[in-house]
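First comes the structure, then the notes that go with it.
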Amino acid sequence: MVAMRVVSLLPSATEIVYALGVDSELVGVTFECDEPASARLDKAVVVGGGDTRGMSPGEIDEYVRTRLAAGADLYTLHADALAGLDPQLILAQDLCRVCALPSDRVTDALSYLGCDAEVLSLDPHTLDEVLDTIRAVGSATGVPDRAEALVASLAERLAAVTEAVAGRTRPRVAVLEWTDPPFTAGHWIPDLVVRAGGEPVAARPGDRSERTTWREFTSAAPDVVLVAPCGFRLDGAAEQARAVAGRFPDAEVWAIDADAIVVRPGPRLVDGVEAIAAILHPGAVRDPPEGSIRRVA
């Protein structure tokens, strides 16, 4: 492997880099890169963002919509810090302007700085495509064999879940990616439900999560409701789950640590499949780690 200087502009990409064992090549991350916890301690932070701590889900939604309507970015690229790192590879995305800095902003900045780093945009829409991004990062960082080994191990775990839930009744599962206003589950999240032995309802498989109505969720008659709001860990998800549980009197309502195992397209999505399977089919798979899921109703 030839040593190189890598900058990650995505928390999920940072997780992939560490999982591939090439974190020694990683020189820059974002303010949201918190897995592993040491990622922001010994790397330069080259992307910042607005502080939404203390805001309610509705206030965050208003803040995001106002910024986007004004043509403003939700994230700030610290161009001088980026230039000082002299990166050779930058991991970016175009999937969601709400989730991370778009790659076109990065390309424009590199042109202005006169930097010729390669920009690899990671834009998976399905769980299988998430696994492909691991291969892409492995290839770009010179460790394709490690990437194939990691993907194989993740695929083996997925196959074990498939076997464990085979032949069981599939509960109808609604996943809330946001609660005020309600947003459907999109992209790879319905895949997680299917792999875990459920039937996703009120979902947009492979497409963007969309703002919808509570009627869409309630009319889908879910057996299980999973509240996994983007940007929130378990306690925040549980607070939101309790707030909406009354809308689903006939369903189990669970909160999930969304940032850890649901919304970030990296290796830990397989943890998410295992956790959802434990909710839908108790006893079929091992219990997930403490602090990843919580039943609220």
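The values are calculated or read from the model by the stated rules, or taken from the named source; none is laboratory data. Predicted, not measured: the structure shown is a model, and the values here were computed from it. Ideal geometry is used to build each Cβ from the backbone, glycine not excepted, and the neighbour counts take in all protein chains shown.
Just the residues that are among the acidic types (Asp, Glu) and either in a helix (DSSP H, G or I) or touching a residue at least 12 places away in the same chain (Cβ under 8 Å) (or both), please, taken from region 32-42. Spell out the reasoning first.
Initial filter on region 32-42 (among the acidic types (Asp, Glu)): 32, 34-35, 42.
Once the filter is applied, which keeps residues that are among the acidic types (Asp, Glu) and either in a helix (DSSP H, G or I) or touching a residue at least 12 places away in the same chain (Cβ under 8 Å) (or both), region 32-42 yields 32, 34, 35.
Limited to region 254-296, what total is found for residues that are farther than 18 Å from residue 229 by Cα, touching a Lys or Arg at 6+ places or on another chain (Cβ under 9 Å) and charged (D, E, K, R)?
1
Just checking, which of 177, 216, 210 is crowded, with 21+ Cβ neighbours inside 10 Å, acidic (Asp, Glu) and under 25 Å from residue 58 (Cα atoms)?
177
In this structure, does residue 61 turn out to be modelled with pLDDT under 85, of a type in the set (Asp, Glu) and within 30 Å of residue 243 (Cα to Cα)? Give the steps one after another, and end with the answer.
On the way: modelled with pLDDT under 85: yes; of a type in the set (Asp, Glu): yes; within 30 Å of residue 243 (Cα to Cα): yes.
Spelling it out, residue 61 is indeed modelled with pLDDT under 85, of a type in the set (Asp, Glu) and within 30 Å of residue 243 (Cα to Cα).
Give me the residue from region 13-62 that is in contact with a helix residue (DSSP H, G or I) (Cβ under 8 Å, 6 or more places away or on another chain) and hydroxyl-bearing (Ser, Thr, Tyr) and, out of that set, nearest to residue 237 (Cα to Cα).
The selected residue is 52.
Anything in region 74-91 that is more than 24 Å from the chain's Cα centre (by Cα), under 15 Å from residue 43 (Cβ atoms) and in a loop (DSSP other than H, G, I, E, B)? List them, or say none.
Scanning region 74-91 gives 86, 87.
Those residues that are surrounded by fewer than 23 Cβ atoms within 10 Å (Cβ to Cβ) and either in contact (Cβ under 8 Å) with a residue 60 or more places away in the chain or in the same structural domain as residue 260 (by TED's automatic domain parsing) (or both), I need them from region 16-31; list them, please.
Result: 19, 20, 21, 22, 25, 27.
Are any of the residues in region 236-250 free of Cβ contacts under 8 Å to residues at least 60 places away in the same chain and under 18 Å from residue 32 (Cα atoms)?
Yes, the conditions are met somewhere in region 236-250.
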